[in-house]
């Protein structure tokens, strides 16, 4: 099945059948490919090729660069079903989420096409007569992208679509857990670029590798920007190494996202939002809802309603109509079980969390999503566990709820469910949520590409996708032009 998908997507069979690193599907544990892991020397060669491609690509007018991305978006539309199914096989996502991830790629291509005609600078009033000032934006250089398994194609596209229209080549190191989807995206890109006369060779390249390959990408002085998605631990290693050579980084790291459930909240709406954002992708989203901060007046009711909803959730093969697919692998399952044990030790009451379908899928790790009522925001609650665990904490005063929302190291996404306009506005104010995303009456996950995506604190501070995130992929230049016959100095200085 997977080989047939890869064939339709145009991937050379030698790239996934003749390697030394086995790729397993989280759906059933079966081996779906073998890939060659590249080392430092191979990565450095690809970076050299990208640096050469940059010399040509930066000269291509931005609207023409946008045309290449438009054509790539059309290829994604044509192969949406195949690529979406491949995402499901390799990452374990249910059908709708696999297709949704490819739709994100299509959406960011559309955004980037429009952006290619809107890379605007500024005209600035000069204090000197006979002068004008302006601000322009130029291509930055080679962009390195390191992506995680949970969004194996979308996050790359957020970076690649913007980087390419901004005039930069891209070198992509996907997670070694999900390399096949990267090979498929690259094959589609090469098909489009082959028929685009202005596109130089090696404009987009994929590096299949482990830690050594990632380090080579991070350390190479020819890589002007490293965009890395993963754990906070990974970010702590990447950031100083990139900064040491004065390059740029865009970091999308941990998330420990909360919902404040106020007394006035629409509980029917809240249950639906909690279910989607807490158990979707088996809790393996950076924007997964992990903490429910519920007012004492509604806490007992919402917990009972959630337990009833969780009990009805269908767990199973993601391509067969289930709502929850598998965890990515055994280490993820083990991490979930350790967190639940720690929660019990810290006074938590655990509902769910058990392994499911072990007899049917002995080499895969399906679980019941867990609800854990906690006496307070203890150590385990402050730590992000990449699994479907929802911690429930009570509160009395809204200010205390905001303090709980902010009292974790991470700062990606957050939300409040309330019909009180004062609470909603306070939550989004300067003294409200300290996260990069703050929603009202909608869960913390499911971001649209039009807005900049990213967070604060240990989330890394980076921004990807929409708004003015494109500026990270370009260098800013301030220009002053003297069109007079005089040479007045700024600040009224005379130097005669």
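Observations on the structure shown:
- Residue 136 vs. criteria assigned to a strand (DSSP E or B), farther than 24 Å from residue 284 by Cβ, assigned by TED's automatic domain parsing to the domain that holds residue 27 and free of Cβ contacts under 8 Å to residues at least 24 places away in the same chain: no
- Summed over segment 410-437, residues that are in contact with a helix residue (DSSP H, G or I) (Cβ under 6 Å, 6 or more places away or on another chain) and part of a strand (DSSP E or B) total 3.
- Only one of the listed residues (456, 448) is at pLDDT below 95 and on the phi < 0 side of the Ramachandran plot. That residue is 448.
- The lone criterion from (1) assigned by TED's automatic domain parsing to the domain that holds residue 339; (2) free of Cβ contacts under 8 Å to residues at least 12 places away in the same chain; (3) touching a strand residue (DSSP E or B) at 6+ places or on another chain (Cβ under 8 Å) left unmet by residue 243 is number (1).
- You will find that of 278, 294, 270, the residue that is touching a helix residue (DSSP H, G or I) at 6+ places or on another chain (Cβ under 6 Å), outside any loop (DSSP other than H, G, I, E, B) and not assigned by TED's automatic domain parsing to the domain that holds residue 163 is 294 and no other.
- Restricting attention to segment 414-444, the residues being within 22 Å of the chain's Cα centre (by Cα) and over 15 Å from residue 261 (Cα atoms) number 4.
- Pairs where the first residue, in segment 19-46, is without any contact (Cβ under 8 Å) to a residue 60 or more places away in the chain and outside the structural domain of residue 85 (by TED's automatic domain parsing) and the second is assigned to a helix (DSSP H, G or I) and surrounded by 15 or more Cβ atoms within 10 Å (Cβ to Cβ), C-beta under 6 Å, 6+ apart: none
- Residues that are assigned to a loop (DSSP other than H, G, I, E, B) and in contact (Cβ under 8 Å) with a residue 40 or more places away in the chain within segment 449-462 comprise 449, 450, 454, 455, 458, 459, 460, 461, 462, listed in sequence order.
- Residue in segment 416-436 that is modelled with pLDDT of 95 or more, surrounded by fewer than 15 Cβ atoms within 10 Å (Cβ to Cβ), more than 16 Å from residue 405 (Cα to Cα) and in the same structural domain as residue 120 (by TED's automatic domain parsing) present: no
- Index of the failed condition, residue 172 passing every other in (1) within 28 Å of residue 329 (Cβ to Cβ); (2) touching a residue at least 40 places away in the same chain (Cβ under 8 Å); (3) crowded, with 22+ Cβ neighbours inside 10 Å; (4) within 18 Å of the chain's Cα centre (by Cα): (2)
- Extreme residue, surrounded by the most Cβ atoms within 10 Å (Cβ to Cβ), among residues of segment 307-324 that are in contact (Cβ under 8 Å) with a residue 40 or more places away in the chain and touching a helix residue (DSSP H, G or I) at 6+ places or on another chain (Cβ under 6 Å): 318
- Selection count where residues are under 26 Å from residue 341 (Cα atoms) and in contact with a helix residue (DSSP H, G or I) (Cβ under 7 Å, 6 or more places away or on another chain), scope segment 386-404: 10
- A single member of 469, 407 is crowded, with 20+ Cβ neighbours inside 10 Å and either at pLDDT 95 or above or touching a helix residue (DSSP H, G or I) at 6+ places or on another chain (Cβ under 6 Å) (or both), and it is 469.
- Test: residue 117 is in a loop (DSSP other than H, G, I, E, B), modelled with pLDDT of 95 or more, surrounded by fewer than 18 Cβ atoms within 10 Å (Cβ to Cβ) and not assigned by TED's automatic domain parsing to the domain that holds residue 315: yes
- Pairing residues of segment 290-303 that are within 20 Å of residue 413 (Cβ to Cβ) with residues that are in a helix (DSSP H, G or I), at Cβ distances under 6 Å and at least 6 apart in sequence or on separate chains, gives 293/401; 293/404; 294/302.
- Qualifying position, being crowded, with 17+ Cβ neighbours inside 10 Å, touching a helix residue (DSSP H, G or I) at 6+ places or on another chain (Cβ under 7 Å) and farther than 30 Å from residue 216 by Cβ, among 90, 97: 97
- Members of segment 353-379 found to be buried (at least 22 other Cβ atoms within 10 Å of the Cβ) and assigned to a helix (DSSP H, G or I), listed by number: none
- Check on residue 350, surrounded by fewer than 20 Cβ atoms within 10 Å (Cβ to Cβ), more than 29 Å from the chain's Cα centre (by Cα) and in a strand (DSSP E or B): yes
The values are calculated or read from the model by the stated rules, or taken from the named source; none is laboratory data. These numbers come from a predicted model, not from an experiment. Virtual Cβ from ideal backbone geometry, glycine too; neighbours counted across all protein chains shown.
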